[in-house]
């Protein structure tokens, strides 16, 4: 992954998907009775059946009642050395409702920047029409429309949080799914992007690794991974950012057969043709084979992740995924010394899923 590719991602994507399975770690919700807001451990739930950028979206379920209130704050995932300096002028987000929601019934929205400057809220109805039932709609929100409501002026290019709050009181339950939030300037990206090529699949004990040749096309927002499991129908199971040409699919079955195809698409969901099919099988592995996987992943991290800059470059510039004990992963406890990264294996490494689908080091 080259530095310009990471810049392409880090200066556009506010939210793509949650790496935690039940609730979004970088969110917080509050309610004042009798209004209600569905939360899991004080955070917004994650939806896994409907999404734009798989494998999940965010769920906002609320009921607005007189003399009550609620708000939900979505914070930017800020990894080490992430420079918050958005290039775009508008926030784009995708919305979905099973039954449909009228624009007037939607919540209000406000923003907070890196220095805690914040805006007054505006109704979402100012930026969209009624939401049709069971259909994803992309909404454009010009950040310049929002007035500062703090002593320190709000700076849109330093935006770090979005706050959704109670709008009109209708005493009805509503559920809204939110996904793929980006800060961009409209460039009319409705043309089909260049497709990826040469897809390869390689099976391990409970996962299959994919690799393809990415297209040289900066209009690509993400690659979409489609899978057919055990001869079943193809389904989009996840995405990968532009500039990363690998994906790890944890299946959890050591006797599975899966076929894959990959496409490229823009942020407006203009999608390229898919690659040719690639098929692989999972199979039981010995301890020696497991160790070889770890050594290979370690070498790949240092060789590809450094991008010609240095051994620790990817640690400083790339997102740090929440570490999960297992999934054929390894933990790096420091770079220095003649021995390089020190690798520690756990007994559960063949069983637990990995959170980072590019197989990079979770240092």
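The numbers here are math on the coordinates, done by the rules we state, and not lab data. Bear in mind that the values here come from a model prediction, so they are computed numbers and not experimental data. Cβ coordinates were reconstructed from backbone atoms using ideal geometry, including for glycine residues, and neighbour counts include every protein chain displayed.
Place a point 7 Å from the Cα of residue 115 along the Cα-to-Cβ direction; which residues of region 139-162 have their backbone N under 20 Å from it?
143-162
Quick one: if you stick a label point 7 Å off each Cα along the C-beta vector at residue 198 and residue 288, how many nm between them?
Those two pseudo-labels are separated by 3.1 nm.
Between residue 32 and residue 61, with labels modelled 7 Å along Cα→Cβ, what's the label distance in nm to one decimal, could you check?
A separation of 2.4 nm, rounded to one decimal place.
Quick one: which of 33-43, 284-294 comes out on top by average Cβ neighbours within 10 Å, and what's the full order, highest first? Working shown, then result.
On the way: 33-43: 15.5, 284-294: 13.0.
Ranked by mean Cβ neighbours within 10 Å, highest first: 33-43, 284-294.
Once you have the Cα-Cα distance between residue 130 and residue 279, take 0.36 nm times their residue separation minus that, and quote the gain in nm to one decimal.
On the way: separation 149, 0.36 × 149 = 53.64 nm, distance 4.27 nm.
Value of the extension gain: 49.4 nm.
Fully extended, how many nm does the chain gain between residue 170 and residue 48 (0.36 nm per residue separation, minus their Cα-Cα distance)?
Working: separation 122, 0.36 × 122 = 43.92 nm, distance 2.78 nm.
Difference between extended and current length: 41.1 nm.
If packing is taken as the average number of other Cβ atoms within 10 Å across a peptide's residues, how do 130-137, 156-163 rank, most packed first? It would help to have the intermediate numbers written out before the result.
Details: 130-137: 14.2, 156-163: 18.8.
Put in order of decreasing packing, that is 156-163, 130-137.
Can you give the extra length, in nm with one decimal, that the chain gains between residue 89 and residue 211 once fully stretched, where that is 0.36 nm per residue apart less the Cα-Cα distance?
40.5 nm
Which percent of Cα pairs goes in each bin when the distances of region 197-281 are cut into 5 angstrom slices starting at zero?
3, 16, 28, 25, 15, 9, 4, 1
With the crude spin-label approximation of a point 7 Å out along Cα→Cβ, what separation in nm comes out for residue 152 versus residue 104?
3.9 nm
Relative contact order for region 78-233 using alpha-carbon pairs under 8 Å, separation at least 6, rounded to a whole percent?
Details: 270 pairs, mean separation 43.4, N = 156.
For region 78-233, the relative contact order is 28 percent.
Given N residues in region 31-164, what is its alpha carbon radius of gyration divided by 2.2 N^0.38 Å? All intermediate terms of the calculation are to be shown ahead of the outcome.
Details: Rg = 15.4 Å, N = 134, 2.2 N^0.38 = 14.1 Å.
The value comes to 1.09.
Got the relative contact order for region 197-281 handy, in percent, Cα pairs under 8 Å and 6 or more residues apart? Intermediate values should be presented prior to the final figure.
Details: 197 pairs, mean separation 31.6, N = 85.
Computed value for region 197-281: 37 percent relative contact order.
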